[in-house]
1. Taking the Cα centre of the chain as the origin, how large is its charge dipole in debye, to the nearest 20, when only Lys and Arg (+1) and Asp and Glu (-1) carry charge on their Cβ atoms?
2. Excluding residues on the same chain fewer than 8 positions from residue 30, give the aspartates and glutamates whose Cα lies under 15 Å from its Cα.
3. With Cβ to Cβ distances under 12 Å as the rule, what net charge do the other residues near residue 37 carry (K, R +1; D, E -1)?
4. Quick one: if the Förster radius is 25 Å, what FRET efficiency do residue 194 and residue 256 give, using the C-beta to C-beta distance and rounding to 0.05?
5. Report the relative contact order of the stretch 5-317, percent, no decimals, based on alpha-carbon pairs under 8 angstrom and at least 6 residues apart.
6. Work out, step by step, the length gained on full extension between residue 115 and residue 74: first 0.36 nm times the residue separation, then minus their alpha carbon distance; give nm to one decimal.
7. How many percent of all Cα-Cα pairs in the stretch 145-220 sit more than 22 Å apart?
8. Among all stretches of the chain without exposed chymotrypsin sites (Phe, Trp or Tyr not before Pro) (DSSP loop, at most 14 other Cβ atoms within 10 Å), which one is longest?
Amino acid sequence: MALSLQEKIQDTNQGIYLIGTTPPKIGTDKAQLKVIAEKLLGRLHEIEYDGLIIYDIQDESSRTEQARPFAFKQTVDPREYSQLLRGLSDLDVITYKSVAQRGVDEFKAWLDETKNDYDLKNVVLVGSPSSAGDIKLSLPNAYKTLAEQSEDFFLGGVTIAERHANKRNEHQRLIEKTAQGCQFFISQAVYNAQATIDLITSYARTCKAQGLTPNRIILTFTPCGGEKTLEFMQWLGISVPEATKWRMLDSENTLSESVRICRENLDSILKSCAHLDVPLGLNIESLTNRKEEIDASINLYRLLKAIMELNLAEKLIA
């Protein structure tokens with residue numbers, strides 16, 4: 001019998017390999033939604049992956065005064081797209097939920113619907129992009145509400161290595177989120193390998209000192225096809241070192257160079273963290289719907305999965 005996604009994530013002797021995607025824009029009818037889902041799965045049919053991540057896209061304009069490089073478009077309910085993709089692919093899904101915009105009662109109703117109407121259990125809750133926004137439900141209160149309401153969910157959290165680079169406390173956030181019910185973490189897209197290495201190191205050392213077992217951290221990577229995508233990445237808060245930025249933009253092929261950089265970054269993270277007892281995973285996403293970037297994300301997935309599988313095999317032999 002095939003393992004569930006939860007069992008795979010919790011089994012530290014095997015890798016976990018995911019594909020991240022966003023739901024289509026709001027107003028897409030059910031027939032077209034199915035066409036879009038089938039097209040996505042058609043692109044993915046030649047690769048082996050463990051499941052899909054479906055994001056809940058927020059308008060993050062409260063986080064920065066800079067203009068959003070791509071216009072914000074509301075999407076269909078991520079749960080609807082999750083349910084559809086799971087049915088078409090027979091693979092488990094992880095569904096993101098932004099909690100800040102609605103109060104406790106609406107969140108309770110969301111949990112009931114998610115379990116009973118959509119039959120989804122793997123969720124990642126996301127807080128407000130900034131403390132300046134109109135926050136109706138904080139992330140800690142959402143975790144508390146979920147814990148009181150239901151034990152049927154497999155809960156994940158977001159981790160942002162860039163916060164660790166600035167505040168040096170992201171590892172403490174992971175430990176706090178674990179105490180609040182999180183059983184795995186998914187990173188923001190990695191372009192700053194050192195920030196990720198520092199976070200994983202701090203997390204591993206603190207867990208060891210406190211007698212805790214580290215949760216799996218699923219590392220996200222995304223290709224960058226040009227200046228506009230790079231601008232969007234930085235707008236989202238993804239840390240791109242200056243030298244990395246110019247290396248991509250000054251190259252003959254920005255997209256190919258970004259794939260090389262992602263490969264080098266993963267290599268660096270795996271080598272630097274090999275001695276640490278933190279299970280890792282892989283998530284590949286495309287930040288735009290440009291065909292060349294989507295195709296590059298699939299090639300990137302193949303490349304990085306092979307690197308992670310080799311690394312895991314070496315660890316098991318050792």
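1. Values: 37 positive and 44 negative charges, 93 e Å.
Around 440 debye, computed over the chain.
2. Within reach: 38, 77, 80.
3. Numbers: positive: 30, 34, 39, 43, 86; negative: 38, 80.
Net local charge, residue 37 excluded: +3.
4. Numbers: r = 23 Å, r/R0 = 0.92.
Rounded to the nearest 0.05, the efficiency is 0.65.
5. 18 percent
6. Details: separation 41, 0.36 × 41 = 14.76 nm, distance 2.31 nm.
Roughly 12.4 nm would be gained on extension.
7. For the stretch 145-220, the share of Cα pairs beyond 22 Å comes to 22 percent.
8. Here the longest segment lacking exposed loop sites spans 73-318.
FYI, it's all coordinate maths here, none of it is from the lab. Everything numeric in this text was worked out from a predicted model, so none of it was measured. Methodologically, a virtual Cβ is constructed for each residue, glycine included, from the backbone with ideal geometry; neighbour enumeration extends over all protein chains shown.
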